[in-house]
Each structure stands twice: as structure tokens, then as C-alpha cells.
Amino acid sequence: MRVLLADPDRDMLFAYRRLMELAGHAAKTAFDGVRVLDILETASFDLAVVSERLPRIAHERVMRSLIGKGVPAVVLLDAPVSVKRLCRKELANAYLSHPFSPAELFALAADALDKANAGKEAVCMGLRVDVRGFRFSGTDIRLTAGEMDALMQLAGQGTPLPFEKRVYAHSLNRKLEKLDSPRMRVEYLENQGYRLVNLE
């Protein structure tokens, strides 16, 4: 796998690169947004792992470039992921908050890459999800890997979503509101967790 790693902390960048190389992946590094854009002009990647704190170029511009090149991206955060971030237009495929273990990074990266390469559509209670495109099918409403997993759990398996996954429940509701049909909502039921409810 060809991985683009970008972080302003050069010690962390070296550590990420060593981890990727030890796992058998080819890694290229950048420590600011300008370098990321330059690298994307001349090389292609299977995955990008990018800090939100890259200097010199706005994070949104870096994300637009990665999305435009079709590169799945995991964004590293200094704070827990929020509903506001999950509803941004320049949405990463996945987010990981510091501190995290190497195993968490590898697992999240692998999951995002698997979904990006799935090339299939999933249908859950009438909701059509373009797995490879990380979006609701036929719309420009993007989803993260975490939101897709939550949606598949709620609709596909019918399993309640635990309270600690509430950020995905709230962000999914923001996105479900934008769909014309079917009309659905994630609701919290006392002592049960979050469930997907058909409003029609």
C-alpha cells in the first residue's frame, strides 16, 4: 500500500513512517500543506494519514485536494471528533483523536481503505449507501467510515447503537434530514441505546 503521511511534528512523522514501513507499506511524508499539494501533483496514493494541524495551507484545501484525487483520508485530531466536523463539506473518510495506539491507527486506516475499495452499494431499510463513495447513493451527502458502520449496525443488523457512539447518531440525523426519501431518524430509547426509526 502507498501511504501519504503528513504531520507538522517531525518526530511523530518519523514514527508513523517507521510503523508503516514495518508493516510492509511504502510511505511518503510531508510536514506542511504546501508539500502535501506538491506531492499529490506527482504521485498517487492508496491512503493518506493527515494531521489537521498542517501549517501554510488551510486544512479544508488539503482535504479538497485529497478528495479530488480520490485518495481516502484518515485525519488525526487533537480533540474528540464533533458533530460539526462530521457535517463539514470537506469530510475525511475517518477521524482519529490523540492519544491513540498504533493498532488503532492501522485498524482505522484498513477499514477506510476497505470501504473505499468495496465498490458496492448497501441497502438498509430503504436507505441506499454508496460504500465506495462514502455517501448516500444519488446524493452529495458524504459519510465517514464510522457513520457507515453505525448506519449498518442500526439498519442492517437492527442492533442498538451504544451511548458512547452518540456523535455518529447526531451527525447521521443531520444528514438524514437532507434526504427526500425515505424519512428516517436515529432516536435514543431509554436503557436501549440509539435505534433507527422510520418516520413514514
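Values quoted throughout were computed directly from the atomic coordinates according to the rules given, and no laboratory measurement underlies them. None of these values were measured; they are calculated from a predicted model.
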(message) Run the numbers for Arg53 and Arg185: contour at 0.36 nm per residue of separation, minus the present Cα-Cα distance, in nm.
(response) 44.2 nm
(request) May I have the convex hull volume per residue, in Å³, for the Cα set of the range 121-198? (result) 76
(message) Kirkwood Rh and Cα-based Rg: tell me the resulting Rg over Rh for the chain, rounded to two decimals.
(response) 0.99
(request) Find the centroid of the Cα atoms in the range 51-110 and in the range 1-33, then give the distance between the two in whole Å. (result) 14
(request) With springs connecting C-alpha atoms under 10 Å apart, model the chain as a Gaussian network and identify which of Arg166, Arg142, Arg56 has the largest mean-square fluctuation. (result) Arg56
(request) Using a/c under 1.5 as the rounded threshold, could you call the range 2-114 rounded, prolate or oblate? The axes a ≥ b ≥ c are square roots of the C-alpha gyration tensor eigenvalues, and prolate needs a/b larger than b/c, oblate otherwise. (result) rounded
(message) Using Cα-Cα distances under 8 Å and only pairs 6 or more residues apart, what relative contact order does the chain have, in percent?
(response) 13
(request) Please give the calculated 222 nm ellipticity per residue for the chain, where each DSSP H segment of at least 4 residues contributes -39500 (n - 2.57) and the sum is spread over every residue; nearest 500 deg cm²/dmol? (result) -10500 deg cm²/dmol
